[in-house]
Amino acid sequence: MWTTLGYNMLICLAGLQSIPTELYEAAMMDGAGSFRRWRYITIPLMRNNFIFLFITGIISGFSRFTDLYILSGNSSSGKPAGSLQTILMYIYQYSFENPSYGLSCAGAVILFIIVFTVTAINLKVTKTI
């Protein structure tokens with residue numbers, strides 16, 4: 001979580017700066033309080049930023065490798081007893097440590113299908129498509 005905090009903050013800051021200040025001024029003139037301005041202006045206009053951050057977070061979650069590789073003692077088998085092995089470590093294991101390119105290619109295709117499906121479902125649920 002801490003590794004992407006700066007990136008997420010930068011994306012959110014860019015989204016906040018893209019909101020026109022005239023909207024906040026008009027809401028203040030209409031008598032909207034700070035919570036209503038946040039609820040009805042900031043959150044809806046930041047929606048696309050949140051969707052983008054959610055999708056990139058899901059993708060980075062599926063592609064965790066380095067920290068788990070180091071924790072398992074520089075072995076992609078996910079020691080102890082495969083409990084730390086992710087699909088990316090599986091692809092690495094059957095590409096470089098125990099070369100079986102068919103299995104590693106199948107793992108890569110499965111990873112693509114999972115990420116594509118999760119992204120499509122997210123975009124459908126959020127009505128972005």
Label-to-label distance, nm, for residues given as ILE58 and ALA14 (7 Å Cα→Cβ offset):
2.1
Compute the distance in nm between two label points, each set 7 Å from the Cα along the Cα-to-Cβ direction, one at THR66 and one at THR42.
3.2
So how much accessible area does MET9 have, in Å² to the nearest 10, using a 1.4 Å probe?
120
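Compute the relative contact order of the chain as a whole-number percentage, counting only Cα pairs closer than 8 Å that sit 6 or more residues apart in sequence.
On the way: 84 pairs, mean separation 20.9, N = 129.
Rounded, it is 16 percent for the chain.
Would you mind telling me the share, in percent, of accessible area of the range 44-129 contributed by carbon and sulfur at probe 1.4 angstrom?
Values: 3880 of 5440 Å².
Carbon with sulfur: 71 percent of the solvent-accessible area.
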Which of the DSSP-defined H helices in the chain satisfy a minimum axial length of 15 Å, computed from C-alpha atoms, and a minimum mean Kyte-Doolittle hydropathy of 0.5?
5-17, 47-62, 101-125
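Hey, can you find the accessible area per residue of the range 13-98 for me, probe 1.4 Å, expressed in square angstrom? Don't jump to the answer; show the numbers that get you there.
Working: 5680 Å² over 86 residues.
For the range 13-98, the per-residue accessible area is 66 Å².
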How large is ³J(HN,Hα), in whole Hz, for each residue of the range 75-82 in order, when computed from phi with the Karplus curve 6.51 cos²θ - 1.76 cosθ + 1.60 and θ = phi - 60°, using x for Gly and Pro?
9, 7, 6, x, 4, x, 6, x
Answer with a single label: of [x] 8.4; [y] 9.2; [z] 10.5, which was calculated as mean projected area of the Cα convex hull in nm² from the structure in view?
[z]
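The values are calculated or read from the model by the stated rules, or taken from the named source; none is laboratory data. As the structure is a computational prediction, the values presented were derived from the model and not from experiment. With ideal geometry, Cβ positions are generated from the backbone for all residues, glycine too; neighbour counts draw on all protein chains shown. These area figures cover heavy atoms from the full protein model, side chains too; ligands, DNA and RNA do not enter into them. Shrake-Rupley method; radii C 1.70, N 1.55, O 1.52, S 1.80 Å.
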